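The values are calculated or read from the model by the stated rules, or taken from the named source; none is laboratory data. Since this is a predicted model, take the numbers as computed values, not measurements. In this analysis, Cβ positions are derived from the backbone assuming ideal geometry, glycine residues included, and neighbour counts consider all displayed protein chains. The accessibility values were calculated without ligands, DNA or RNA, using every heavy atom of the protein model including side chains. Shrake-Rupley method; radii C 1.70, N 1.55, O 1.52, S 1.80 Å.
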Amino acid sequence: MTRSAESARPDPADRPATYGEVFAVAEFRWMWGAQLGSVIGDQLARVALAVLVFDRTGSAGLSAVTYALTFLPDIVAGPLLSWLADRFPRRRVMVWCDLARALLVALMAIPGAPIWLLCVLLVAVQLLAAPFQSARAAMLPDILTGDTYVLASSVSNVTAQAAQLAGFVTGGTLVAAFGTSQALAVDAATFLLSAVLVRVGVRDRPLPTATSSADRISWWGSLSAGARLVWGDRRLRYLIALACVAGFYVSVEGLAAPYAAVVGGGPLAVGLLLAANPAGQMVGMLLLTRLAPARRLALMGPLAVGSCVPLIVCFIHPGLWVTVALWVVSGLCSSYQLAANASFVLTVPDAQRGQAFGLARTALIVSQGLGVLAAGAAADRWHPASVVAIAGALGTAVALGAAIGYRRTTTSPH
């Protein structure tokens with residue numbers, strides 16, 4: 001082979017991985033099955049308890065409050081409990097979190113338990129999701145490396161969204177067919193199955209050297225060190241800023257009902273608007289993984305900007321179908337989160353991955369919650385389409401600033 005032919009051959013390191021390569025890794029298959037069970041279990045618990053509270057009280061308000069309680073721990077548990085994934089062997093953290101959740105949900109399944117106790121147990125179940133997910137995110141780069149890790153992250157994200165939908169559907173079906181106690185018993189079984197899959201199929205790994213001996217630090221020390229790491233590294237700061245752009249484009253989901261009302265749509269229109277962004281994002285992630293790794297990183301900033309630009313068009317108050325198309329395009333572009341998440345996890349030192357991931361996840365959830373709340377309050381005064389357009393304009397400015405900042409960190413010292 002001539003020298004010119006050898007130089008023309010594509011660099012294997014820049015070749016996109018395939019799903020076959022990802023699922024060829026046995027440990028990932030076991031972890032993927034465990035994730036599927038855990039996410040479906042989370043949704044089953046939410047649906048079953050919301051139905052149970054409504055059946056007992058007849059209050060739609062109390063049922064909604066009960067469901068909303070399941071999201072509060074996501075904000076608190078990220079900083080408070082993610083450090084466990086850096087303090088104890090990560091497989092052990094995942095197994096014990098699932099076993100504890102199985103026990104708590106089994107207690108919820110006991111007929112006649114007071115509603116206040118059910119709510120406390122449900123919050124505890126959701127709290128344990130944070131160390132489980134942090135341990136899983138921190139261990140995944142040890143199982144898969146290079147572009148196979150990025151593709152595995154895509155599989156995990158798509159699985160999480162699909163499993164949530166499946167959990168909602170199966171939760172309602174199980175409750176209707178067997179009752180809430182039996183549905184919660186099935187939920188407990190999903191967590192138990194997840195624990196078994198991780199225990200049997202995932203190899204136990206020691207802690208990173210920095211946390212495997214007397215160097216272990218306290219919870220507050222871990223939290224402080226994680227915050228200093230994230231804040232002190234310009235690249236990590238801009239990656240979190242890019243992730244938090246979601247607070248602008250996700251805000252449209254909180255306006256789906258009033259937006260549908262002003263365009264003359266009913267419940268079907270609400271469902272279409274709610275599904276538009278997640279559907280676009282799933283398709284976008286599948287398309288993005290077909291590109292070479294370097295190309296994905298190059299597109300991360302432009303896609304972040306593109307996730308908000310289509311929303312500005314809503315200022316002209318388009319009809320339902322144009323709006324759905326615009327929100328789908330926004331979702332397609334929001335697939336940049338895949339590249340941002342992978343870059344963040346791989347940039348953080350292994351010994352601090354759990355805590356750093358928990359902090360980043362909390363920032364993302366808080367930005368989304370604040371975005372939805374702000375958009376809802378604004379929609380009480382202005383036309384929902386105008387609020388969506390304003391959110392798009394603000395998000396575009398933030399995304400552009402974060403993208404430029406991140407690009408500078410890749411061309412100059414940190």
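Numbers for the structure displayed
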| quantity | calculated |
| --- | --- |
| Residues located in segment 47-89, provided they are closer than 18 Å to ARG361 by Cβ and either modelled with pLDDT of 75 or more or among the charged types (D, E, K, R) (or both) | ASP74, ASP86, ARG87 |
| Qualifying positions in segment 232-268 - charged (D, E, K, R) and in a helix (DSSP H, G or I) | ARG234, ARG235, ARG237, GLU253 |
| Residue that is farthest from ALA385 (Cα to Cα), among those in segment 292-318 that are of a type in the set (A, V, I, L, M, F, W, C) and not in a helix (DSSP H, G or I) | ALA292 |
| Those residues of segment 324-366 which are modelled with pLDDT of 90 or more, of a type in the set (S, T, N, Q) and in contact with a Leu (Cβ under 7 Å, 6 or more places away or on another chain), in sequence order | SER330 |
| Qualifying positions in segment 260-273 - under 25 Å from the mean Cα position of the chain (by Cα) and either at pLDDT 80 or above or exposed (fewer than 13 other Cβ atoms within 10 Å of the Cβ) (or both) | LEU273 |
| Residues located in segment 232-257, provided they are over 27 Å from ARG408 (Cα atoms) and open to solvent by 50 Å² or more (accessible area, probe 1.4 Å) | GLU253, ALA257 |
| Near pairs, Cβ below 8 angstrom, 6+ apart or cross-chain, from segment 275-291 (under 14 Å from SER154 (Cβ atoms) and assigned to a helix (DSSP H, G or I)) to any residue that is aromatic (Phe, Trp, Tyr) and open to solvent by less than 10 Å² (accessible area, probe 1.4 Å) | LEU288/TYR336 |
| Whichever residue in segment 183-201 is crowded, with 24+ Cβ neighbours inside 10 Å and small (Gly, Ala, Ser) and, among such residues, is nearest to ARG90 (Cα to Cα) | SER194 |
| Spans of helices (runs of 4 or more DSSP H) in segment 91-187 with at least 1 residues of a type in the set (S, T, N, Q), modelled with pLDDT under 80 and under 19 Å from ARG205 (Cα atoms) | 129-143 |
| Qualifying residue in segment 310-317 (condition: crowded, with 24+ Cβ neighbours inside 10 Å, of a type in the set (A, V, I, L, M) and within 18 Å of LEU394 (Cβ to Cβ)) | yes |
| Only listed residue being modelled with pLDDT under 85, in the same structural domain as VAL398 (by the TED database) and under 28 Å from ASN277 (Cα atoms), chosen from LEU242, LEU229, LEU236 | LEU236 |
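Table: residues versus (1) touching an Asp or Glu at 6+ places or on another chain (Cβ under 7 Å); (2) assigned to a helix (DSSP H, G or I); (3) touching a residue at least 60 places away in the same chain (Cβ under 8 Å); (4) surrounded by 19 or more Cβ atoms within 10 Å (Cβ to Cβ).
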{"site": "LEU332", "(1), (2), (3), (4)": "no, yes, no, yes"}
{"site": "ALA360", "(1), (2), (3), (4)": "no, yes, yes, yes"}
{"site": "SER367", "(1), (2), (3), (4)": "no, yes, yes, yes"}
{"site": "GLY371", "(1), (2), (3), (4)": "no, yes, yes, yes"}
{"site": "ALA378", "(1), (2), (3), (4)": "no, yes, no, no"}
